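*Asks:* Handing you a structure now.
The values are calculated or read from the model by the stated rules, or taken from the named source; none is laboratory data. All values reported here derive from a predicted model rather than from experimental measurement. Cβ sites come from the backbone with ideal geometry, for glycine too, and all protein chains shown count toward neighbours. The area values use the complete protein model at the heavy-atom level, side chains included, leaving out ligands, DNA and RNA. Shrake-Rupley method; radii C 1.70, N 1.55, O 1.52, S 1.80 Å.
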Amino acid sequence: MEIELTEEQQLLRDTVRRFAADVVAPRAKEIDASGEFPLDFFHQAGELGLAGVSVPEEYGGAGMDLIAYCLAIEEISKVCASSGVILSVNNSLVCDPLARYADEAQKRDFLTPLAAGRKLGCFALTEAEAGSDAAALRTTARRDGDRYVLDGGKVFITNGTHADVAIVFATVDPEKKHKGITAFVVPTDTPGFSRGHHEYKLGVQASGTTQLFFEGMSIPASQRLGEEGEGFKIALATLDGGRIGIAAQAVGIAQGAMEAALAYAKERKQFGRPIADFQAIQFYLADMAMEIDAARLLVFKAAWAKTNQKRYSLEAAQAKLFASEMAQRVTNKALQIHGGYGYTRDYDVERFFRDARITEIYEGTSEIQKLVISDAILRDA
Ligand code: CAA
């Protein structure tokens, strides 16, 4: 595995860094407070190739590798975690399964506009009674001639408030447990599709989290993704990739908090000198820098594994578990360095602190990552 970035990767990182500073950062605080979904940002990011970084150019993407994708998510999340997850979901959870499992017509009709950022996607797996136990989902898909009729509902769907397209998981036969689960690609203007309220959350306020409902929603069988009964494996394989994106998001949040704390420590004076002169603060900064680096290397390793291995569940789970827990520790220390000011809304560090928390929950909780890691270790032992 190469650990030096190629020229192309560095160029991408620098371009995204400028875009993040010029376009994303100025509105980050405002959209966190209002919860407004930054749809215009998403379309602009699409023009830069960030809606489908690793999707081949012939299908609307930027045709870059997964390290480049992780760098892009990190740079955006460094200034706005909501924008980071909006892109991560569109890339990893929507474009990636379409690139892998869609037929040519589905790629033309759905993948191409999604990867170009002309359309926004969401991933509809989680239900009220099926979170960690994803196989317990109850949304049904009944075959009706050359169509399917879907009934049920989903919760906590990132991008759900504004998505044009949803990847929906439903069961064709609940008796078959996970072997009945089937994936569909559904335009959200399909009759029978509706949305619930926008969830008001602790962090990532602007990521458009909502419920989705399907009531007698009839779709052509040509919108089935993969075969009947293949949906659970599609969901879990897709989540392996998604977890790499969330790990990159956690690295970005931590890096943003670290940079804020570093600047503050050099400028804030107590006892007649900048607090960066005190060893207590220096040791915090040393731990933070080391942990961020370690997490970033795990992210790169997972991206490398996804590129080179058939299965990469272990590497993805390790990167997500470590990076998300690291982001709690780093944002906590960054807030501590800011003292009382860090607890106010005048500084960005409280937002980083709140935003970091979700990375331990969505796309598989820390406990689920430990299950995946231990399963892989035991299988290979
Ligand atoms: N890739 C491909 N196939 C996989 C797989 C993977 N990563 N993991 C398991 N499978 C296969 C197994 O080989 C098995 O296949 P067979 O039937 O042929 O033997 C099948 O799937 C069932 O496997 P398990 O018995 O291990 O499945 P399980 O029901 O015990 O579930 C789990 C395993 C790890 C707990 C899984 O359910 C899981 O990851 N749960 C967490 C769900 C999750 O991450 N939800 C996040 C929601 S999405 C979100 O947050 C998006 C957002 O908006 C930000």
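*Asks:* Only one residue in A305, A280, A376 is without any contact (Cβ under 8 Å) to a residue 24 or more places away in the chain, farther than 29 Å from D32 by Cα and open to solvent by less than 10 Å² (accessible area, probe 1.4 Å). Which one?
*Replies:* The unique qualifying residue is A305.
*Asks:* Against the definition (under 19 Å from S92 (Cα atoms), outside any helix (DSSP H, G or I) and acidic (D, E)), how does E315 come out, yes or no?
*Replies:* Numbers: under 19 Å from S92 (Cα atoms): yes; outside any helix (DSSP H, G or I): no; acidic (D, E): yes.
Considered against the rule, which asks whether it is under 19 Å from S92 (Cα atoms), outside any helix (DSSP H, G or I) and acidic (D, E), E315 comes out as no.
*Asks:* Considering only residues that are touching a helix residue (DSSP H, G or I) at 6+ places or on another chain (Cβ under 9 Å), within 13 Å of the ligand (Cβ to nearest atom) and touching a residue at least 12 places away in the same chain (Cβ under 8 Å), which ones fall in the stretch 118-131?
*Replies:* L120, G121, C122, F123, L125, T126, E127
*Asks:* Before we move on, is M258 under 25 Å from A356 (Cβ atoms) and either in contact with a Lys or Arg (Cβ under 9 Å, 6 or more places away or on another chain) or surrounded by 23 or more Cβ atoms within 10 Å (Cβ to Cβ) (or both)?
*Replies:* Numbers: under 25 Å from A356 (Cβ atoms): yes; either in contact with a Lys or Arg (Cβ under 9 Å, 6 or more places away or on another chain) or surrounded by 23 or more Cβ atoms within 10 Å (Cβ to Cβ) (or both): yes.
Here the answer is yes, as M258 does meet what is asked.
*Asks:* Scan the stretch 349-373 residue by residue and report those that are in a helix (DSSP H, G or I), within 14 Å of the ligand (Cβ to nearest atom) and over 16 Å from L236 (Cα atoms).
*Replies:* Passing the criteria: D355, R357, I358.
*Asks:* Step by step: first the residues of the stretch 100-117, then only those that are of a type outside the set (D, E, K, R) and within 16 Å of the ligand (Cβ to nearest atom), then the one that is farthest from the chain's Cα centre (by Cα). Which residue is that?
*Replies:* Once the filter is applied, the top-ranked residue is Y101.
*Asks:* Let me ask you something else. Within the stretch 271-283, is there a residue that is part of a loop (DSSP other than H, G, I, E, B) and basic (K, R)?
*Replies:* Looking through the stretch 271-283, none of the residues is part of a loop (DSSP other than H, G, I, E, B) and basic (K, R).
*Asks:* Within the stretch 212-245, track down each residue that is more than 25 Å from the chain's Cα centre (by Cα), within 12 Å of the ligand (Cβ to nearest atom) and not small (G, A, S).
*Replies:* Hits for the stretch 212-245: nothing passes.
*Asks:* Would you confirm whether any residue within the stretch 259-276 is in contact with a helix residue (DSSP H, G or I) (Cβ under 7 Å, 6 or more places away or on another chain) and within 28 Å of D380 (Cα to Cα)?
*Replies:* The answer is no, given that none of the residues of the stretch 259-276 is in contact with a helix residue (DSSP H, G or I) (Cβ under 7 Å, 6 or more places away or on another chain) and within 28 Å of D380 (Cα to Cα).
*Asks:* Can you list the strands (runs of 3 or more DSSP E) found entirely within the stretch 112-231 that contain at least 2 residues being open to solvent by 70 Å² or more (accessible area, probe 1.4 Å)?
*Replies:* On the way: elements: 121-124, 140-144, 147-157, 165-171, 181-187, 193-198, 210-220.
Fully inside the stretch 112-231 and qualifying: 140-144, 147-157, 193-198, 210-220.
*Asks:* Determine whether the stretch 340-348 contains at least one residue that is within 16 Å of the ligand (Cβ to nearest atom) and either buried (at least 24 other Cβ atoms within 10 Å of the Cβ) or farther than 29 Å from F156 by Cβ (or both).
*Replies:* There is no residue in the stretch 340-348 that is within 16 Å of the ligand (Cβ to nearest atom) and either buried (at least 24 other Cβ atoms within 10 Å of the Cβ) or farther than 29 Å from F156 by Cβ (or both).
*Asks:* If K310 passes every condition in (1) out of contact with any helix residue (DSSP H, G or I) (no Cβ under 7 Å at 6 or more places or on another chain); (2) in a helix (DSSP H, G or I); (3) within 16 Å of the ligand (Cβ to nearest atom) but one, which one does it miss?
*Replies:* That leaves (2) as the condition not met.
Let's see how each residue does on (1) out of contact with any strand residue (DSSP E or B) (no Cβ under 6 Å at 6 or more places or on another chain); (2) touching a residue at least 40 places away in the same chain (Cβ under 8 Å); (3) away from the ligand (no atom under 16 Å from the Cβ):
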residue: A247; (1), (2), (3): yes, yes, no
residue: G252; (1), (2), (3): yes, yes, no
residue: A257; (1), (2), (3): yes, yes, yes
residue: A263; (1), (2), (3): yes, no, yes
residue: P274; (1), (2), (3): yes, no, yes
residue: Y284; (1), (2), (3): yes, yes, yes
residue: A289; (1), (2), (3): yes, no, yes
residue: D293; (1), (2), (3): yes, no, yes
residue: K301; (1), (2), (3): yes, yes, yes
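*Asks:* Another question about this same structure. Return a yes/no flag: does the stretch 321-337 have any residue that is assigned by TED's automatic domain parsing to the domain that holds M288, in contact (Cβ under 8 Å) with a residue 40 or more places away in the chain, open to solvent by less than 10 Å² (accessible area, probe 1.4 Å) and in contact with a Leu (Cβ under 6 Å, 6 or more places away or on another chain).
*Replies:* no
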